[in-house]
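Scroll down for the structure; my scribbles are underneath it.
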Amino acid sequence: MKKRFLAMVMAAAMVGAALAGCAQAAPAAQAPAEEAAPAEEAAPAEEAAPAEEAAPAEEAAPAEATGKTVGIAMPTQSLERWNRDGSYLKDQFESRGYATELVFSDNKIEQQVRDLENMIADQVDLLVIAAIDGESLTQVLADAKDAGIPVIAYDRLIMNTDAISYYVSFDNYTVGTLQGKYVEEQLDLANAGDKVYNIEFTAGDPADNNAGFFFNGAYDVLKPYIEAGTLNVVSGQTQFDQVATAQWNTETALKRFQNILASYYSDGTQLDVALCSNDSTALGVTQAIESDYAGTNSVIITGQDGDEANLANIVDGKQTMTVYKAVANEAVATLDLGDALLKGETPDESLIANSSWDFDCAYDVSSYDNGTGIIPSYLLVPTVVTKDNMVAELVDTGYYTQDDAGYLHPTN
Ligand code: BGC
């Protein structure tokens, strides 16, 4: 209920409807983001950005300009969720009087390094970074540290640098756990007796520290059933490195899965589960199953994010579930954390208690070691979304609208 309220506030803020007492609704006067951002060519995020003009002037009291700028570096616009993250983060920080520079780096490591160098040269006051390659930012972040710029690792942990102060994400291991448990429940594996179900795994980008957490979360739930023979990985590919997908690329996942189907399932062997770590990979796997799978059973396909195309596939019965992460809330948590850092505070668990967040968040000081030590983390809670609960979880909460044909479209 609380969560729903916040979501509706967020959705309202995103369309520019200011709500009394809601800081998110107040856009900052000037944001140099458009000029400063070497954004990828087609920039749907900017286009999809809330219509600021729509906010009734008398209600939308602009936050007093802080004179400070927040640099927001997102990996790419080609993976759907980062458009939403970029847009939400920009709106959040601007609502509290910060100027922003928002960049997307086309999934190119060198470009992200350059984009960060530019923002450091621009003397931004805070960096919020979702890394393309968690291992490649050590040098540029040493420069940020020298310049006294605090850094928040956003969604993906940045490795081997003592320049990051905090990490904001969802509980990544739990994302995988939810996928594994979903399969366990759907197939009633605990009571399967002699039945054997065939499963294949598709994981994420090895350069993304999250990918191992997602895979391990799912695998740890299913491992006892694999060991007991209730689940059979026909390809034998059970190691993360064997099932990983560079850059979470849909086409890469599609090709690998076509190979798996051709090599192990063309003789009529039934595939029961395609455990996919996220929606971009699930999209490729679903396409492979549609075009190359000989069987007629409906395969359980998991995902993560609630990308538009995947939600359409869920409506159409082609994908079975996704794990939704309310990135609007991730942006709210990042704002309060960043705001505290910019005020010279040293945030800890009390940030949550003192916040007005209407979503659950855990302060974690044990799970995320980036090679230089534990990075204090604020971890939000993911949700399973299926055809049965998608309207309650996504439409009623204000994150998506539903068209007459039943398909969902993100409100931001
Ligand atoms: C994010 C996922 C996303 C994936 C690919 C991960 O770091 O946590 O939500 O699906 O990157 O964009």
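Here is how the numbers come out for the structure above:
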{"quantity": "TYR378 vs. criteria of a type outside the set (Val, Ile, Thr), under 13 Å from VAL315 (Cβ atoms) and touching a helix residue (DSSP H, G or I) at 6+ places or on another chain (Cβ under 6 Å)", "calculated": "no"}
{"quantity": "Exclusive hit being more than 22 Å from the chain's Cα centre (by Cα), under 27 Å from ARG96 (Cβ atoms) and among the acidic types (Asp, Glu), set ASP267, ASP364, ASP348", "calculated": "ASP348"}
{"quantity": "ASP194 surrounded by fewer than 21 Cβ atoms within 10 Å (Cβ to Cβ) and free of Cβ contacts under 8 Å to residues at least 24 places away in the same chain", "calculated": "yes"}
{"quantity": "Residue check for ASP369: more than 20 Å from VAL151 (Cα to Cα), of a type outside the set (Gly, Ala, Ser) and not assigned by TED's automatic domain parsing to the domain that holds GLY306", "calculated": "no"}
{"quantity": "Neighbours by Cβ (under 6 Å, 6+ apart or cross-chain): first from segment 252-263, over 15 Å from ILE199 (Cα atoms); second surrounded by fewer than 14 Cβ atoms within 10 Å (Cβ to Cβ)", "calculated": "THR252/ALA246"}
{"quantity": "Some residue of segment 83-102 being surrounded by fewer than 24 Cβ atoms within 10 Å (Cβ to Cβ), hydrophobic (A, V, I, L, M, F, W, C), touching a residue at least 24 places away in the same chain (Cβ under 8 Å) and within 16 Å of the ligand (Cβ to nearest atom)", "calculated": "no"}
{"quantity": "Test result for GLN319, touching a Gly at 6+ places or on another chain (Cβ under 7 Å) and in the same structural domain as VAL273 (by TED's automatic domain parsing)", "calculated": "yes"}
{"quantity": "Residues within segment 290-312 that are in a helix (DSSP H, G or I) and within 16 Å of SER277 (Cβ to Cβ), tallied", "calculated": "1"}
{"quantity": "Segment 89-118, residues that are of a type outside the set (S, T, N, Q) and under 18 Å from TYR166 (Cβ atoms)", "calculated": "LEU89, PHE93, ARG96, TYR98, LEU116"}
{"quantity": "Matching residues, segment 135-151, being surrounded by fewer than 23 Cβ atoms within 10 Å (Cβ to Cβ) and within 16 Å of the ligand (Cβ to nearest atom)", "calculated": "GLU135, SER136"}
{"quantity": "Odd one out for TYR219 among (1) in contact with a strand residue (DSSP E or B) (Cβ under 9 Å, 6 or more places away or on another chain); (2) crowded, with 24+ Cβ neighbours inside 10 Å", "calculated": "(2)"}
{"quantity": "Contacts under 8 angstrom Cβ, first residue in segment 159-186 being not assigned by TED's automatic domain parsing to the domain that holds ASP339 and charged (D, E, K, R), partner in a helix (DSSP H, G or I) and at pLDDT below 95, 6 or more apart", "calculated": "none"}
{"quantity": "Verdict on THR245 being within 16 Å of the ligand (Cβ to nearest atom) and among the hydroxyl-bearing types (Ser, Thr, Tyr)", "calculated": "yes"}
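A quick yes/no check of all residues on (1) under 21 Å from GLN287 (Cβ atoms); (2) of a type in the set (Ser, Thr, Tyr); (3) modelled with pLDDT of 95 or more; (4) over 27 Å from the mean Cα position of the chain (by Cα):
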| site | (1), (2), (3), (4) |
| --- | --- |
| ASP188 | no, no, yes, yes |
| ASN191 | no, no, yes, yes |
| TYR197 | no, yes, yes, yes |
| ASP208 | no, no, yes, no |
| GLY217 | no, no, yes, no |
| ILE226 | no, no, yes, yes |
| GLY229 | no, no, yes, yes |
| GLN239 | no, no, yes, no |
| GLN242 | yes, no, yes, no |
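Residue by residue, here is whether (1) surrounded by 15 or more Cβ atoms within 10 Å (Cβ to Cβ); (2) within 16 Å of the ligand (Cβ to nearest atom) holds:
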{"site": "ASP188", "(1), (2)": "no, no"}
{"site": "GLU251", "(1), (2)": "no, yes"}
{"site": "PHE257", "(1), (2)": "yes, no"}
{"site": "ALA262", "(1), (2)": "no, no"}
{"site": "TYR265", "(1), (2)": "yes, no"}
{"site": "GLY268", "(1), (2)": "no, no"}
{"site": "ASN278", "(1), (2)": "yes, yes"}
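The values are calculated or read from the model by the stated rules, or taken from the named source; none is laboratory data. For clarity, every value in this text was computed on a predicted model and none was experimentally measured. Backbone-built Cβ (ideal geometry, glycine too); neighbour counts: all protein chains shown.
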